[in-house]
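Below is one structure, written out as structure tokens; comments come after it.
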């Protein structure tokens, strides 16, 4: 229904053709570029044989400039009327920071880890296990009070 409406109006038909061209370019670039570039490069329109490409940052733009001759050739072989690239920087929106770790150790697990750390001879492993047990005991008030009772 929406596609029919878009086809009936000349302005929308031109817009749709442009969107379809960019989508096809995106697919071809995804196949031609290495993964790290394909996910961070967006195609623009082709104007007078020059394809505009938007890179997420300067390092990717520099890498694209190195690949320009082979990329132009590969695009021409796929039928694109491209003679040159115009590479621009378009920063992508910042990704949300990863959520803080929510892992919690069970009471039994933290107690077992604490007992294991006390049974080992002093070593980097023993110190790491003790720190991990202490951290999980601090997160669990019931374990922390049990630990204080054990030290008495």
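The values are calculated or read from the model by the stated rules, or taken from the named source; none is laboratory data. These figures come from a predicted structure and were not determined experimentally. We place every Cβ from the backbone using ideal geometry, glycine too, and count neighbours over all the protein chains shown.
Scanning region 69-89 for residues that are surrounded by 14 or more Cβ atoms within 10 Å (Cβ to Cβ) and under 16 Å from residue 41 (Cα atoms) gives 71, 72, 75, 85, 87. Taking region 34-150 and the helices (runs of 4 or more DSSP H) fully enclosed by it, the elements with 2 or more residues that are closer than 23 Å to residue 22 by Cβ are at 35-38, 58-77. Scanning region 1-53 for residues that are more than 27 Å from the chain's Cα centre (by Cα), modelled with pLDDT of 85 or more and loosely packed, with under 11 Cβ neighbours inside 10 Å yields 47, 48.
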